[in-house]
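Everything below concerns the one structure shown next.
The values are calculated or read from the model by the stated rules, or taken from the named source; none is laboratory data. Model, not experiment: these values are computed from the prediction. In this analysis, Cβ positions are derived from the backbone assuming ideal geometry, glycine residues included, and neighbour counts consider all displayed protein chains. Surface areas here come from the heavy atoms of the whole protein model, side chains and all, with no ligands, DNA or RNA. Shrake-Rupley method; radii C 1.70, N 1.55, O 1.52, S 1.80 Å.
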Amino acid sequence: MSVTRSVIVGSGSYLPKKIVTNEDLAKFVDTSDEWIRQRTGIEQRHFAAEGEFTSELGYKAALEAIKSAGIDAQEIDLIICGTATPDNTFPATSVAIQNMLGIHHGAAFDLQAVCSGFVFALSTADMYLRCGKAKTALVIGAETFSRILDFEDRTTCVLFGDGAGAVVLRAEEGTGEVSDRGILTSHLRSDGRHKEKLYVDGGPSTTQTTGHLRMEGKEVFKHAVGMITDVIIDAFNETGLDANDLDWFVPHQANKRIIDASAKKLNIAPEKVVTTVNLHGNTSAASIPLALDTAVKDGRIKKGDLVLFEAMGGGFTWGSILLRW
Ligand code: UT7
């Protein structure tokens, strides 16, 4: 049976030039390199320069993804940007990126699912492609979380960073078998009962300010592994595949302890796990495409490999995507 599959044909990423190490933070926050490394695995993060916006980070990642896909930007007829730190309340950051790319056709919109933003955006683009509503999608995760951090709050400000990653997704014909290239299945979830555990204490409708990130870290940690593994088990059940079939696990990069515990619970071998949280901290919607692009560029992820994404974040929102590269 012939089916449409959404195949990732190119990836790219961008990290702002300014690197902030744990030691740099310890100069003005009551923390230490040892505490941050032990509790999170983070060694450094990147912060956008003054005047460098989420759209610019996303644009630079998009340019790389388009180049690696070997397509003309004008072929793109759908752009979805996962972000919780848009340039402005409106218009959408994706529309700014669309304009920077010189594209003036098709649709561009932002998707807000915080750290799950890339998984939600990729799954949404997959639906458009499979329904025949678009042929070539650009999916971006781009964030400037440094702009919403409270540097007086050591429990949150050491965890996050800025960055962007992007992929080009193209509709191709498949056989409907799990040997097809492309997205095989995606599973998205949300549950607003956990709203107060990870949120921003401001917004246009509530305070008319941007606000700062607030998190009950322990509570988030407590739920993370269970939620992540649930949606991955859903992906395995639906496809009949399992951890042994996987070539690469590319999880949301929030905390190395969460990544390791999830992989262990799912019996995913440590050498199959792509971890970059040490290099850029939690970049929210940008973290999966940043990790993905690293493993594509260094040659780990190859055509035909079975790759699993998972993310969990504010809301709570969480989700998984299983695909063949
Ligand atoms: O993308 C999804 C979003 N977020 C996450 O996935 C994060 C989930 N949560 C976590 O990663 C962890 O809960 C944290 C890394 C945030 C915290 O680790 P923890 O092991 O849960 O530490 P804790 O909150 O229980 O704090 C332990 C101690 C406390 O001191 P006392 O009360 O034991 O004296 C904190 O005050 O560490 C203290 N502490 C710090 N010390 C040095 C908290 N933050 C810091 C800090 N530096 N930056």
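Tell me, in nm to one decimal, what length is gained between TRP35 and GLN208 on full extension, where the rule is 0.36 nm per residue of separation less the Cα-Cα distance?
Full extension of this stretch gives 58.8 nm more.
Which order do the peptides 93-100, 310-317, 69-76 come out in when sorted by mean C-beta neighbours inside 10 angstrom, highest first?
By packing density, highest mean first, the sequence is 310-317, 93-100, 69-76.
Skip the ligands, DNA and RNA, and give the accessible area per residue of the stretch 182-324 with a 1.4 Å probe, whole Å².
It amounts to 41 Å² per residue over the stretch 182-324.
Show that you can apply the helix-only estimate: for the chain, add -39,500 (n - 2.57) for every DSSP H stretch of four or more residues, divide by all residues, and state [θ] at 222 nm to the nearest 500.
That calculation yields -9500 deg cm²/dmol at 222 nm.
Pull up the cross-link candidates among the lysines for LYS60, meaning alpha carbon to alpha carbon under 30 Å and not fewer than 8 places away within one chain.
LYS60 reaches LYS17, LYS18, LYS133, LYS135, LYS256, LYS272, LYS297, LYS302, LYS303.
With contacts defined as alpha carbon pairs under 8 Å and 6 or more residues apart, what's the relative contact order of the chain in percent?
Reported as a whole number, the value is 26 percent.
Of the heavy-atom accessible surface of the stretch 3-174 (probe 1.4 angstrom), what whole percent is carbon and sulfur?
Carbon and sulfur together cover 51 percent of it.
What's the whole-number percent of alpha carbon pairs in the stretch 1-118 lying beyond 17 angstrom?
Cα-Cα pairs of the stretch 1-118 separated by over 17 Å account for 66 percent.
With labels modelled as points extended 7 Å from the Cα through the Cβ direction, what inter-label distance (nm, one decimal) is found for ASP150 paired with MET1?
5.2 nm
Between ASN278 and ARG130, take the C-beta separation as r, use R0 = 35 Å, and let me know the FRET efficiency to the nearest 0.05. Can you show the working numbers first?
Working: r = 36 Å, r/R0 = 1.02.
With R0 = 35 Å, the Cβ-Cβ based efficiency is 0.45.
Probe radius 1.4 Å, ligands and nucleic acids left out: which of SER32, SER55 has the largest accessible area, and how do the rest follow?
Largest accessible area first, the list is SER32, SER55.
How would the chain be classified by its alpha-carbon gyration tensor: rounded, prolate or oblate, with rounded meaning a/c under 1.5 and the a/b versus b/c comparison settling the rest?
Note, shape of the chain comes out oblate.
Roll a 1.4 angstrom probe over the protein heavy atoms and tell me the percent of accessible area of the stretch 182-324 that is carbon or sulfur.
51 percent
Let me check something: with ligands and nucleic acids excluded, how do LEU15, LEU63 order by accessible area (1.4 Å probe), largest to smallest?
Final ranking, largest accessible area leading: LEU63, LEU15.
7 Å from Cα along Cα→Cβ at both ILE19 and LYS265: what's the point-to-point distance in nm?
3.3 nm
Considering only protein heavy atoms, with the full assembly of protein chains and a 1.4 angstrom probe, order ASP298, ASP234 by accessible area, largest first.
ASP298, ASP234
Helix hunt in the chain: which complete DSSP H runs extend at least 18 Å axially by C-alpha with mean Kyte-Doolittle at least -1.0?
What comes out of the filter, once short or polar helices are dropped, is 54-69, 117-130, 217-239.
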